[in-house]
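Novice: The structure's right below; bear with me while I get my questions together.
The values are calculated or read from the model by the stated rules, or taken from the named source; none is laboratory data. Computed from a predicted model, the values in this text were never measured in an experiment. Glycine gets a Cβ as well: all are built from the backbone with ideal geometry, and neighbour counts include every protein chain shown.
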Amino acid sequence: MQYGEPAGYTPLREWLNKDWNARKGIRTVPEQILLTTGTQQAIDLVMRLLLEPGDSVLVEHPTSPGCLEVLEMQGAKIVPVMGDRDGILPDLLEQHMQQVRPKLLFAAPSFSNPTGALWSMERREAVLELCSRYGVLLVEDDSYGELHFDGLEPTEFYRKYPSLFALDTADQGGHVLYIGSFSKTVAPALRTGWAAGHPALIQAMASVKRIADGQSSPMNQRLLYQLLAHSLFVGVITYPC
Ligand SMILES: Cc1ncc(COP(=O)(O)O)c(C=O)c1O
């Protein structure tokens, strides 16, 4: 019942690193993972850290209200990027990148809220290529990425629809900040999510988090770890169909 590690309960970060991310082809070390109070806090921390009032931010259109509220609070200029059923349109994205010189792009390639769109592999590669060419950080919200009901086994699903963080060839995820959540798979009340990214970015977000709330609940993180590491629960959420 004491305070815990500011970055989050180490066994849970190690579990994420080894068991969860590896399953999705995401290569990380524990120093690249910060446990947060849901993905909502991960979004809030990265925006507080990187944005000045008036900065332009590209967002997949439509996108989740929680992200838009954070951007509005930071005084960001929100630039929606239209898409079709395969994801946001690369030509349009490039135009916006040239015109508004955005600080970052926020998108949810696997089941975006509210459309549920699932980006094609080609679109994933094209968007990542543009982000790396123009030096724009991609904030990848994967809150719903586990919830597929298409009959595909997880390894097959993630091969067809990999996370953009997994696709990024930059050293230690230099172009993508991945954010994940246990709210949609386990329980929103545990308020546990995480950010995975370049160690320097994660360290800077951890500093902002220390100011925001010190740390997320170590007790909830321990409960969650026990559930994930010592039960069949993962098998259940791994095969939702
Ligand atoms: C797309 C998306 N991202 C993030 C969140 C925040 O989720 P949480 O903070 O519970 O992880 C939500 C909430 O429903 C959401 O729909």
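Novice: Based on what the data block shows, is Val79 surrounded by fewer than 15 Cβ atoms within 10 Å (Cβ to Cβ) and of a type in the set (Val, Ile, Thr)? It would help to see each step written out before you state the result.
Specialist: Numbers: surrounded by fewer than 15 Cβ atoms within 10 Å (Cβ to Cβ): no; of a type in the set (Val, Ile, Thr): yes.
Spelling it out, it is not the case that Val79 is surrounded by fewer than 15 Cβ atoms within 10 Å (Cβ to Cβ) and of a type in the set (Val, Ile, Thr).
Novice: Here's something else I'd like to know. Conditions: (1) without any contact (Cβ under 8 Å) to a residue 40 or more places away in the chain; (2) within 16 Å of the ligand (Cβ to nearest atom). Ala170 meets all but one. Number of the miss?
Specialist: (2)
Novice: Quick one: Ser110 ticks every box in (1) hydroxyl-bearing (Ser, Thr, Tyr); (2) closer than 22 Å to Pro65 by Cα; (3) in contact (Cβ under 8 Å) with a residue 60 or more places away in the chain except a single one, so which number is it?
Specialist: Every listed condition holds for Ser110 apart from (3).
Novice: Just checking, does the range 91-111 include any residue being hydroxyl-bearing (Ser, Thr, Tyr) and modelled with pLDDT under 95? Full working, then the answer.
Specialist: Of all residues in the range 91-111, those hydroxyl-bearing (Ser, Thr, Tyr) come to 110.
With the extra rule that they be modelled with pLDDT under 95, the set shrinks to none.
No - not one qualifying residue is present in the range 91-111.
Novice: Still on this structure, please answer the following. Anything in the range 155-168 that is in contact with a helix residue (DSSP H, G or I) (Cβ under 8 Å, 6 or more places away or on another chain) and within 19 Å of Ile179 (Cβ to Cβ)? List them, or say none.
Specialist: At the first step, the residues of the range 155-168 found to be in contact with a helix residue (DSSP H, G or I) (Cβ under 8 Å, 6 or more places away or on another chain) are 155, 158, 160-162, 164, 166-168.
Listed by number, the residues that qualify are Tyr158, Tyr161, Pro162, Leu164, Ala166, Leu167, Asp168.
Novice: Sticking with this one: Cβ-Cβ distance below 9 Å, separation of 6 or more or different chains: which pairs start in the range 42-55 with a residue that is touching a residue at least 12 places away in the same chain (Cβ under 8 Å) and part of a loop (DSSP other than H, G, I, E, B) and end on one that is surrounded by 20 or more Cβ atoms within 10 Å (Cβ to Cβ) and not hydrophobic (A, V, I, L, M, F, W, C)?
Specialist: Asp55/Pro102
Novice: Name the one entry in Leu49, Leu45 that is crowded, with 20+ Cβ neighbours inside 10 Å and not polar (S, T, N, Q).
Specialist: Details: Leu49 fails: crowded, with 20+ Cβ neighbours inside 10 Å.
The unique qualifying residue is Leu45.
Novice: Same structure, new question: Check the range 89-100 and report whether any residue there is surrounded by 16 or more Cβ atoms within 10 Å (Cβ to Cβ) and within 16 Å of the ligand (Cβ to nearest atom).
Specialist: Scanning the range 89-100, I find no residue that is surrounded by 16 or more Cβ atoms within 10 Å (Cβ to Cβ) and within 16 Å of the ligand (Cβ to nearest atom), so the answer is no.
Novice: Looking only at helices (runs of 4 or more DSSP H) that lie completely in the range 91-170, which have at least 2 residues being more than 14 Å from the chain's Cα centre (by Cα)?
Specialist: Numbers: elements: 121-134, 154-160, 164-167.
In the range 91-170, 121-134, 154-160 are the helices (runs of 4 or more DSSP H) which contain 2 or more residues that are more than 14 Å from the chain's Cα centre (by Cα).
Novice: Go through (1) under 16 Å from the mean Cα position of the chain (by Cα); (2) surrounded by 15 or more Cβ atoms within 10 Å (Cβ to Cβ); (3) away from the ligand (no atom under 16 Å from the Cβ); (4) among the aliphatic types (A, V, I, L, M) one by one and return the number of the condition Leu16 breaks.
Specialist: Status for Leu16: all satisfied but (3).
Novice: Are any residues in the range 129-151 surrounded by 15 or more Cβ atoms within 10 Å (Cβ to Cβ) and out of contact with any strand residue (DSSP E or B) (no Cβ under 6 Å at 6 or more places or on another chain), and if so, which ones?
Specialist: Of the residues in the range 129-151, the ones surrounded by 15 or more Cβ atoms within 10 Å (Cβ to Cβ) are 130-132, 134, 136-146, 148.
Scanning the range 129-151 gives Leu130, Ser132, Tyr134, Tyr144, Glu146, His148.
Novice: I'd like the full set of residues that are within 16 Å of the ligand (Cβ to nearest atom) and of a type in the set (Gly, Ala, Ser), limited to the range 118-167.
Specialist: Answer for the range 118-167, where residues must be within 16 Å of the ligand (Cβ to nearest atom) and of a type in the set (Gly, Ala, Ser): Ser143, Gly145, Ser163.
Novice: While we're looking at this one, here's another question. In contact (Cβ under 8 Å) with a residue 24 or more places away in the chain, surrounded by 21 or more Cβ atoms within 10 Å (Cβ to Cβ) and either of a type in the set (Ser, Thr, Tyr) or away from the ligand (no atom under 14 Å from the Cβ) (or both): does that describe Tyr178? So that I can check it myself, show each step before the final result.
Specialist: Values: in contact (Cβ under 8 Å) with a residue 24 or more places away in the chain: yes; surrounded by 21 or more Cβ atoms within 10 Å (Cβ to Cβ): yes; either of a type in the set (Ser, Thr, Tyr) or away from the ligand (no atom under 14 Å from the Cβ) (or both): yes.
When the stated conditions are applied, Tyr178 passes them.
Novice: Sticking with this one: Working only within the range 62-79, note down all residues that are part of a loop (DSSP other than H, G, I, E, B) and within 10 Å of the ligand (Cβ to nearest atom).
Specialist: Thr63, Ser64
Novice: Mind listing whichever residues of the range 186-203 are crowded, with 17+ Cβ neighbours inside 10 Å, more than 16 Å from the ligand (Cβ to nearest atom) and part of a helix (DSSP H, G or I)?
Specialist: Matches in the range 186-203: Leu201, Ile202.
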